[in-house]
Amino acid sequence: MTSILKVEGLHKIYQRKETWLDRVFRRNNPKLFAVSDVSLEVKEGETLGLVGESGCGKTTLCRTLMRLYEPTDGTISFLGHDITHESPGKLRHMYKDMQMVFQDPYSSLNPKMTVKEMLTEAIRFHGICTSEKETDEYIDYLLVKVGLLPGDANKYPKAFSGGQRQRIAIARAIAVKPRLLIADEPVSALDVSVQAQILNLLEDLQNELQLTMIFISHDLSVVKYISDRVAVMYLGRIVEIGRTEEVFEQPAHPYTQALLSAVPRIQPGKKQERTPLEGDPPNPFESKEGCHFYARCSQRMEKCRSVTPDANPLSATHQSRCHLAVE
Amino acid sequence: MDPLLEVKDLEIVLELKERSVYAVNSVSFDVRQGETVGLVGESGSGKSMTCRSILNLLPGTKSKTVKGSVQFEGRDLLTLPKQEWQQVRGKQIGMIMQDPMSSLDPVYRVGDQIVDTLRTHQKMSKKEAWEKAIKLLQQVGIPSPEKRVSQYPHELSGGMRQRVMIALAISCNPKLLLADEPTTALDVTVQDQVLRLLKQLQQDLGMGILLVTHNLGIVAEMCDRVVVLYAGKVMEIASVEQLFAAPKNMYTKGLIRSVPQLDSTGRLEGIPGSLPRMNQPLAGCPFRERCSLATEECADAEKTRLQEVSPGHWSACVHHERVCGF
């Protein structure tokens, strides 16, 4: 399998612009470390799940991959090209191969455009279809593919429910036949019965169109269901990455272990061993040396406070950013 | 044992500008002392409406009709005069709202808000109440409560704020606690902490809890009995073991099957279709359009009434015998 996306040492740091007040009071402008030192590789045809709690940087990471945000440091290469500093004009053409589905289907669709207008725009720009007739047929085909009716093309988004809107967003993303689909929490705004429909749709489309997918979610069970590989993020860093069964069955990082044990399960009576996690996630404004999880970790050592752990390999596919993984 | 809270034939209709919404249709259930009852359903199923109507907290701007009865310790809350609400709300029934960011007053210190509640319901000096507030914060597991008590809500994290909400709700030792999606706005690790806290407090104080949630995992871990709502109608009432082992309603079954689980593999089933529009009075089973067992009988209001199918297990499904094998 060839690699489709490769990220090395990616950093995204936010900082407010310095104002005259800052100069007068000699204030230091605080930096927010949203993504720190992320390296990963996505292979063709696989689904990489990105999981973490709110504020851990998963959305920032994927928006930076799309170049919707400018990376502070590091390189992103997509299909063999370095796109870290690609110009906006070239990026527009690159988006033919890289598409995104957003979290909130209520705000990601333009309320003043019909479904057809939305889809046509993308199809025309990237030259998927040439004639009007061909475009119409292709739109009908797309709508049926995502489980809507061909007659829905002339309706506005307000006529659809949340699940149907998410289907439209998916149709829009796959309309240009992308190689990579980035789905940012596509099901967290939906009810469980509808969530299952959308998950199944994404899975079917992936098999059919040989899509590569980066799937972001805060819900561990959803990520487990859809992913081949999983990356767990905590405070801007990927703390563990590996094949789904490796991460879920032999979690190596204490954070992954705690996260897994915190998920409520549908097995009344059968209570499992808990690794309770105390405290709240720390402040992303201070980048500390050492392990970001130090303050909440149950197995912390003196070393963890000062030495930042590397991504230590546990197997060929499984890595954990924890000093314990070395021993 | 007499139930602590008994909701009977509750009906709520909201009159909007151009249409009416039949939000809750003939909902009946009860909560006994010291027990946790889960009210579970998807968005729009009327679970929050039911919960809020118990404390007469329904949005007041829209015209609405509320029928039925809500008995709490021999009093009907729906017809309670205004003066007597003080005795109930916040004192005998506490409530935790979904969003801890918007349900605390941002311009008062956390301690002042707790003191306010305490002094409204109990004879206490300001100093006593302040001491009690610190104790309460300690009880809900807030570290260094002496410091936190004089902070403002914006200085606390989401989990902390929800703990403050819980401290407020239990400040007068209520007999019943209404928790409306108490952990939906929180991350899983914090959710776990808050749920464990609620369980601990229930053991210490012996209160009944009505837990409104859409998360079946939380139901399985927290509740003794479960009420499943769909489109404003009670589909099933059962103990938590009965519900997950042998659901007697196709909706419950579909719901359980749609949830991806950590312990299982295999394809999710999902439920085709989406919620019905609730702009006319309910006739028959609201789930029949999405149900694979549906027959003509399902449109019959009499036959789709909630009935006891085995001891303590109630289902509103005509075909409840066939659900299990399906």
Criterion violated by residue B:262 - all others in (1) more than 26 Å from residue B:55 (Cβ to Cβ); (2) at the interface with chain A (Cβ under 8 Å from one of its Cβ atoms); (3) open to solvent by 30 Å² or more (accessible area, probe 1.4 Å) satisfied: (3)
Residues (assigned to a strand (DSSP E or B), of a type in the set (D, E, K, R) and open to solvent by 40 Å² or more (accessible area, probe 1.4 Å)) located in region B:1-38: B:6, B:8, B:9, B:11, B:15
Subset tally (residues that are of a type outside the set (A, V, I, L, M) and in a loop (DSSP other than H, G, I, E, B)) for region A:101-142: 16
Qualifying residue in region A:37-44 (condition: on the phi > 0 side of the Ramachandran plot, away from every other protein chain (no Cβ under 14 Å), part of a strand (DSSP E or B) and acidic (Asp, Glu)): yes
Some residue of region B:239-253 being out of contact with any helix residue (DSSP H, G or I) (no Cβ under 9 Å at 6 or more places or on another chain), aliphatic (A, V, I, L, M) and not in a strand (DSSP E or B): yes
Search result, residues across region B:254-274 that are in a helix (DSSP H, G or I) and hydrophobic (A, V, I, L, M, F, W, C): B:255, B:256
Residue count, region A:104-115 (criterion: open to solvent by 80 Å² or more (accessible area, probe 1.4 Å) and over 9 Å from residue A:156 (Cβ atoms)): 2
Condition met for residue B:86 (closer than 18 Å to residue B:165 by Cα and either modelled with pLDDT under 90 or within 26 Å of the chain's Cα centre (by Cα) (or both)): no
Selection within region B:190-218 - among the hydrophobic types (A, V, I, L, M, F, W, C), within 8 Å of another protein chain (Cβ to nearest Cβ) and either touching a residue at least 40 places away in the same chain (Cβ under 8 Å) or surrounded by fewer than 20 Cβ atoms within 10 Å (Cβ to Cβ) (or both): B:216, B:218
Selection count where residues are away from chain B (no Cβ under 12 Å), charged (D, E, K, R) and more than 22 Å from residue A:172 (Cβ to Cβ), scope region A:184-235: 2
Candidates B:234, B:228, filtered to the one that is touching a Leu at 6+ places or on another chain (Cβ under 9 Å), more than 9 Å from chain A (Cβ to nearest Cβ) and either surrounded by fewer than 20 Cβ atoms within 10 Å (Cβ to Cβ) or under 24 Å from residue B:199 (Cα atoms) (or both): B:228
Residue ID - surrounded by the most Cβ atoms within 10 Å (Cβ to Cβ), chosen from residues in region A:275-327 that are of a type in the set (Lys, Arg) and under 25 Å from the mean Cα position of the chain (by Cα): A:321
Test result for residue B:257, of a type in the set (D, E, K, R), open to solvent by 50 Å² or more (accessible area, probe 1.4 Å), touching an Asp or Glu at 6+ places or on another chain (Cβ under 7 Å) and more than 7 Å from chain A (Cβ to nearest Cβ): yes
Any hit, region B:61-76, residues being crowded, with 19+ Cβ neighbours inside 10 Å and either within 30 Å of residue B:145 (Cβ to Cβ) or acidic (Asp, Glu) (or both): no
Flag for residue A:61 being part of a strand (DSSP E or B), crowded, with 17+ Cβ neighbours inside 10 Å, in contact with a Lys or Arg (Cβ under 9 Å, 6 or more places away or on another chain) and hydrophobic (A, V, I, L, M, F, W, C): no
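The values are calculated or read from the model by the stated rules, or taken from the named source; none is laboratory data. Quick caveat: nothing in here was measured; it's all calculated off a predicted structure. Neighbour counts are summed over all protein chains in view; Cβ atoms, including those assigned to glycine, are modelled from backbone coordinates with ideal geometry. Ligands, DNA and RNA are stripped out before the accessible areas are found, and what is left, the full protein with its side chains, is counted by its heavy atoms. Shrake-Rupley method; radii C 1.70, N 1.55, O 1.52, S 1.80 Å.
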